[in-house]
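Accompanying notes for the structure given below.
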Amino acid sequence: MAIPILAVIGPTAVGKTSLSLDFAKALNGEVISVDSRQVYRYMDVGTDKVDHTTRREILHHLIDVVDPDETFSAADFAEQATAAADRIRERGRVPILVGGTPFYYRAMLDEVLTIDVPSDPDIRRELDAVGDEENGPAKLHSILEEVDPDSASRLHVNDTVRVIRAIEIFKLSGKPSSWWRDRPKKESGRFAPLYFGLTRPREELHRTIAKRVRQQFHGGYPEEVRWLLDNGFSPELPSMKGFGYRELVLYHMGKMSLEEGIESDTAATRRFSKRQMTWFRKFSPAIWYDLSEKEYNKVLSSMIDEAVRHLRAGGVVL
């Protein structure tokens, strides 16, 4: 029988962290972070990590795993998150996945990494820029030859769209597309997740995003980025190119004011939250809840009841 687990999904700033903590307290759980930015050490304010006091009370996994100049792929996440979930269950506790990186969920729970995978706009922009250079298609094909020789042998040097997609899959998953394509699929997954999807009215979510970004920029975010730069972490690292970090790099270079950085980060976060909802709407089985400020306490008990039913149906003794 597949192991029942809980997963909290939804757009950034919707309230996933608060629900995961309530779940952990009510259900004897531990949290597995499903966030592609929280895996990096020293990047705390900008990734909105749970504070250390809370993490001492409720054990969290997959936070502060690698340095900002190290590679951490979806395949790495799937391996480490699966191991964490196994350890949690061995202790008689409940694994609770929470975070906003759809690709990580798919890698761990569905093993689907090449079909219906959302593109990463930052990676696409980076590769498109290479393609626009002199001999760009040849440079892209050369990159693909290094990371995925099998795909490179099948794709013509001028088939830029597919070449970029193959490179993107490698950058996101840590494995070539041919590896995923040829890998035998499991007849059934090891885990049986129940997704708790959280939403808010769009205007309320936008206000929450704007408030959080402003609090970050006035709560140590510029100093965090300054420390990263001073300690040798290049602005060209993928970890430093996420929204917020890239604006503050420009701020420290004198190319953007702090207020411009706040506005740019807010706009990028809003766009990202819209993409997250597009991806998460495809997740199943999922129960969706409106987490507007006036509704949270009303629906919390209902969510806990649903979680208990799911866990008990899978043989978990609470």
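The values are calculated or read from the model by the stated rules, or taken from the named source; none is laboratory data. Just so we're clear, the structure is a prediction, and the values are computed from it rather than from any experiment. Quick reminder, even Gly has a Cβ in these numbers, built from the backbone with ideal geometry, and neighbours come from all protein chains shown. Side chains included, ligands, DNA and RNA excluded: accessible areas come from the protein's heavy atoms. Shrake-Rupley method; radii C 1.70, N 1.55, O 1.52, S 1.80 Å.
At-a-glance table
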{"read-out": "Of the criteria (1) over 13 Å from the mean Cα position of the chain (by Cα); (2) closer than 22 Å to ASP120 by Cα, which one TYR42 fails", "value": "(2)"}
{"read-out": "Residue list for the stretch 212-242, filter: closer than 22 Å to ARG271 by Cβ and surrounded by 19 or more Cβ atoms within 10 Å (Cβ to Cβ)", "value": "VAL213, GLN216, PHE217, TYR221, VAL225, SER239, MET240, GLY242"}
{"read-out": "Test: residue in the stretch 251-269 that is surrounded by fewer than 17 Cβ atoms within 10 Å (Cβ to Cβ) and touching a residue at least 60 places away in the same chain (Cβ under 8 Å)", "value": "no"}
{"read-out": "Lone unmet requirement of (1) over 30 Å from LEU27 (Cα atoms); (2) of a type in the set (A, V, I, L, M); (3) part of a loop (DSSP other than H, G, I, E, B) for VAL317", "value": "(1)"}
{"read-out": "Residue match in the stretch 15-29 (condition: β-branched (Val, Ile, Thr), surrounded by 22 or more Cβ atoms within 10 Å (Cβ to Cβ) and touching a residue at least 40 places away in the same chain (Cβ under 8 Å))", "value": "no"}
{"read-out": "Checklist (1) of a type outside the set (Phe, Trp, Tyr); (2) open to solvent by 10 Å² or more (accessible area, probe 1.4 Å); (3) in contact (Cβ under 8 Å) with a residue 60 or more places away in the chain; (4) part of a helix (DSSP H, G or I) applied to ILE209, failing item", "value": "(2)"}
{"read-out": "Enumeration of residues in the stretch 30-60 that are open to solvent by less than 10 Å² (accessible area, probe 1.4 Å) and of a type in the set (Gly, Ala, Ser)", "value": "SER33, GLY46"}
{"read-out": "Extreme residue, nearest to the chain's Cα centre (by Cα), among residues of the stretch 209-244 that are under 17 Å from ASP122 (Cβ atoms) and of a type in the set (Phe, Trp, Tyr)", "value": "PHE243"}
{"read-out": "Among (1) part of a helix (DSSP H, G or I); (2) without any contact (Cβ under 8 Å) to a residue 40 or more places away in the chain; (3) surrounded by fewer than 19 Cβ atoms within 10 Å (Cβ to Cβ), the one test that LEU300 misses", "value": "(2)"}
